[in-house]
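Asks: Take a look at this one; I'll ask things after.
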Amino acid sequence: MQKTIRGCSVHVVSICDVRNQEDQMKELRCKDLKKGCRYVARGRTIRSIMKKIKKHARMKHEIERISAAMTRKARVAIHAV
């Protein structure tokens, strides 16, 4: 919702908008991190997606430990669907 406050146009976000974004389904495509992989992790929370992608990395790519840099890259690549 747009409102004007002291001559400035401001986008107002309600608590319902924020809750809806938190509830929204999200995904992470492994190919965004490792070329050629078609796995997609989906979930409602970043935590659940990261858990799935870590398990996938261990099982399919034989990656035992995901670095902090890769974790940051993965978190950035998560998007709403």
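Asks: Looking at the range 26-44, which of its residues are farther than 16 Å from S67 by Cα and either modelled with pLDDT under 95 or in contact with a Gly (Cβ under 6 Å, 6 or more places away or on another chain) (or both)? Before you say what the answer is, go through the steps one by one.
Replies: So the first thing to find is which residues in the range 26-44 are farther than 16 Å from S67 by Cα, and the list is 26-29, 31, 35-44.
Hits for the range 26-44 are K35, G36.
Asks: Can you name every residue in the range 48-77 that is more than 17 Å from K31 (Cβ to Cβ) and part of a loop (DSSP other than H, G, I, E, B)?
Replies: Matches in the range 48-77: E62, E64, R65, S67.
Asks: How about the range 47-67: which of its residues are among the aliphatic types (A, V, I, L, M) and at pLDDT 95 or above? Quick ask: steps written out before the conclusion?
Replies: Just the residues of the range 47-67 that are among the aliphatic types (A, V, I, L, M), to begin with: 49-50, 53, 57, 59, 63, 66.
Of everything in the range 47-67, those that are among the aliphatic types (A, V, I, L, M) and at pLDDT 95 or above turn out to be I49, M50, I53, A57, M59.
The values are calculated or read from the model by the stated rules, or taken from the named source; none is laboratory data. Keep in mind that what you see is a predicted model, and the values were worked out from it rather than measured. In this analysis, Cβ positions are derived from the backbone assuming ideal geometry, glycine residues included, and neighbour counts consider all displayed protein chains.
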